[in-house]
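**Q** Got a structure for you, written out below as structure tokens; questions coming shortly.
The values are calculated or read from the model by the stated rules, or taken from the named source; none is laboratory data. None of these values were measured; they are calculated from a predicted model. Counting neighbours? That spans all protein chains shown, and the Cβs are built from the backbone with ideal geometry, glycine included.
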Amino acid sequence: MNDQPQPGIRFAPGEATIKNVNWPGLRTLYVKEVRRFFKVQLQTIWAPAVTNLLFLTIFTVALGGASRTVLGHPFADFIAPGLIVMGMMQNAFANASFSLLVGKIQGTIVDYLMPPLSHAELLAGLVLASVTRAILVGLVIWAAMLLWPGLHVMPRHPAALLWFGLNGAVMLSFLGVLTSIWADKFDHAASVTNFVIAPLSLLSGTFYAIDNLAPLYRAISHANPFFYIISGFRYGFLGEADSPIMIGAALLLAINIALGVLAYALLRTGWKIRN
């Protein structure tokens with residue numbers, strides 16, 4: 001048999017035509033995912049700001065208002081950074097856990113599998129779009145808090161804000177992709193949100209300093225990766241943290257590398273996607 005390409009055919013069948021990163025394809029997937037959540041921006045971007053402002057109002061009023069201080073700062077200033085990054089993380093997870101799952105349910109998963117994108121490019125496109133949504137949500141919440149009377153949310157350490165904010169969003173994006181690979185219906189994704197993401201977020205030290213906890217619960221808090229995100233992000237605003245900043249930064253990097261490798265491996269095997 002003749003293995004040479006036929007006249008008029010530039011590449012032999014099965015031969016890769018894209019040798020490096022498919023930048024146009026990656027950009028197209030990213031733009032598609034961003035446009036998807038932007039079409040319902042009232043729900044995906046603006047609503048989280050309202051929800052977190054309600055949290056700020058309720059907890060500030062219920063737990064002492066301006067008279068209470070935590071780590072030497074007014075209580076509202078203490079919880080504001082945690083609310084910002086918590087909104088970012090939750091929306092990064094929601095975005096990343098939707099795309100592949102709705103494709104499996106509606107039978108349109110082929111739209112993600114057929115384009116000439118490698119598994120790494122597919123993962124990167126989904127994660128980058130989710131991080132974009134997280135950043136937009138964070139900026140909207142922060143802008144709303146700037147207008148809040150008596151609230152101080154001016155950054156003191158921008159590098160810490162970038163590191164912990166972005167790594168927190170990336171971590172939840174990877175978790176969202178893993179959830180969308182595993183889940184077979186929306187109830188499965190909702191169970192992860194309700195029984196994993198929400199408890200870890202609320203028990204991460206957003207509304208309290210863990211130094212006030214009993215030793216057992218303090219140890220449990222230190223085992224919660226969300227705690228290091230909240231603490232590091234708060235350090236970026238207040239200059240105070242209830243955890244070692246460098247340890248938290250290194251831990252988040254290690255977790256993201258592990259989650260990224262796992263998500264890539266599952267996409268490559270096609271588990272519950274192609275099978």
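**Q** Return yes or no: is SER173 out of contact with any Gly (no Cβ under 9 Å at 6 or more places or on another chain), in a helix (DSSP H, G or I) and among the polar types (S, T, N, Q)?
**A** Yes: the conditions hold for SER173.
**Q** Give all pairs with beta carbons closer than 6 Å in which a residue from segment 148-160 that is closer than 17 Å to SER231 by Cα meets a residue that is in a loop (DSSP other than H, G, I, E, B) and of a type outside the set (Phe, Trp, Tyr); count only pairs at least 6 apart in sequence or on separate chains.
**A** If the second residue must be in a loop (DSSP other than H, G, I, E, B) and of a type outside the set (Phe, Trp, Tyr), the pairs left are ARG156/GLY239.
**Q** May I pose another question? For segment 86-105, state whether one or more residues are over 21 Å from VAL131 (Cα atoms) and of a type in the set (A, V, I, L, M).
**A** Yes - at least one qualifying residue is present in segment 86-105.
**Q** To continue, here is another question. Confirm whether ASP187 is acidic (Asp, Glu), assigned to a helix (DSSP H, G or I) and closer than 19 Å to ASN91 by Cα. Let's see the steps before the verdict.
**A** On the way: acidic (Asp, Glu): yes; assigned to a helix (DSSP H, G or I): yes; closer than 19 Å to ASN91 by Cα: yes.
The answer is yes for ASP187.
**Q** Let me ask you something else. With the requirement that a residue be buried (at least 24 other Cβ atoms within 10 Å of the Cβ) and without any contact (Cβ under 8 Å) to a residue 24 or more places away in the chain, what does segment 69-83 give you?
**A** The answer is none; no residue qualifies.
**Q** Give the residue, chosen from ARG218, ARG268, ARG274, that is more than 17 Å from the chain's Cα centre (by Cα), surrounded by 12 or more Cβ atoms within 10 Å (Cβ to Cβ), of a type in the set (Lys, Arg) and more than 25 Å from THR69 (Cα to Cα).
**A** Working: ARG218 fails: more than 25 Å from THR69 (Cα to Cα); ARG274 fails: surrounded by 12 or more Cβ atoms within 10 Å (Cβ to Cβ).
Going through ARG218, ARG268, ARG274 in turn, the sole match is ARG268.
**Q** Based on what the data block shows, is ASP242 crowded, with 19+ Cβ neighbours inside 10 Å and among the charged types (D, E, K, R)?
**A** So ASP242 passes the test.
**Q** Restricting the search to segment 190-237, which residues are among the aromatic types (Phe, Trp, Tyr), part of a loop (DSSP other than H, G, I, E, B) and touching a helix residue (DSSP H, G or I) at 6+ places or on another chain (Cβ under 7 Å)?
**A** PHE207
**Q** For LEU166, which of the numbered conditions (1) assigned to a helix (DSSP H, G or I); (2) under 14 Å from GLY236 (Cβ atoms); (3) touching a residue at least 60 places away in the same chain (Cβ under 8 Å) fails to hold?
**A** In the conditions (1) assigned to a helix (DSSP H, G or I); (2) under 14 Å from GLY236 (Cβ atoms); (3) touching a residue at least 60 places away in the same chain (Cβ under 8 Å), LEU166 misses (3) alone.
**Q** Out of GLY176, GLY205, GLY165, GLY232, which single residue is buried (at least 20 other Cβ atoms within 10 Å of the Cβ) and at pLDDT below 90?
**A** GLY205
**Q** Quick test for you: out of ALA49, ALA96, ALA124, pick the one residue that is touching a Gly at 6+ places or on another chain (Cβ under 7 Å) and either touching a residue at least 60 places away in the same chain (Cβ under 8 Å) or farther than 23 Å from ALA190 by Cα (or both).
**A** Numbers: ALA49 fails: touching a Gly at 6+ places or on another chain (Cβ under 7 Å); ALA124 fails: touching a Gly at 6+ places or on another chain (Cβ under 7 Å).
Sole residue among the options that is touching a Gly at 6+ places or on another chain (Cβ under 7 Å) and either touching a residue at least 60 places away in the same chain (Cβ under 8 Å) or farther than 23 Å from ALA190 by Cα (or both): ALA96.
**Q** Being over 26 Å from TYR264 (Cβ atoms) and under 21 Å from the mean Cα position of the chain (by Cα) narrows it down to one of ALA159, ALA223, ALA209, ALA190, so name that one.
**A** Being over 26 Å from TYR264 (Cβ atoms) and under 21 Å from the mean Cα position of the chain (by Cα) holds for just one of ALA159, ALA223, ALA209, ALA190, which is ALA159.
**Q** For segment 67-132, list the helices (runs of 4 or more DSSP H) that sit wholly inside it and hold at least 2 residues that are small (Gly, Ala, Ser); which are they?
**A** Qualifying helices (runs of 4 or more DSSP H): 75-96, 99-106.
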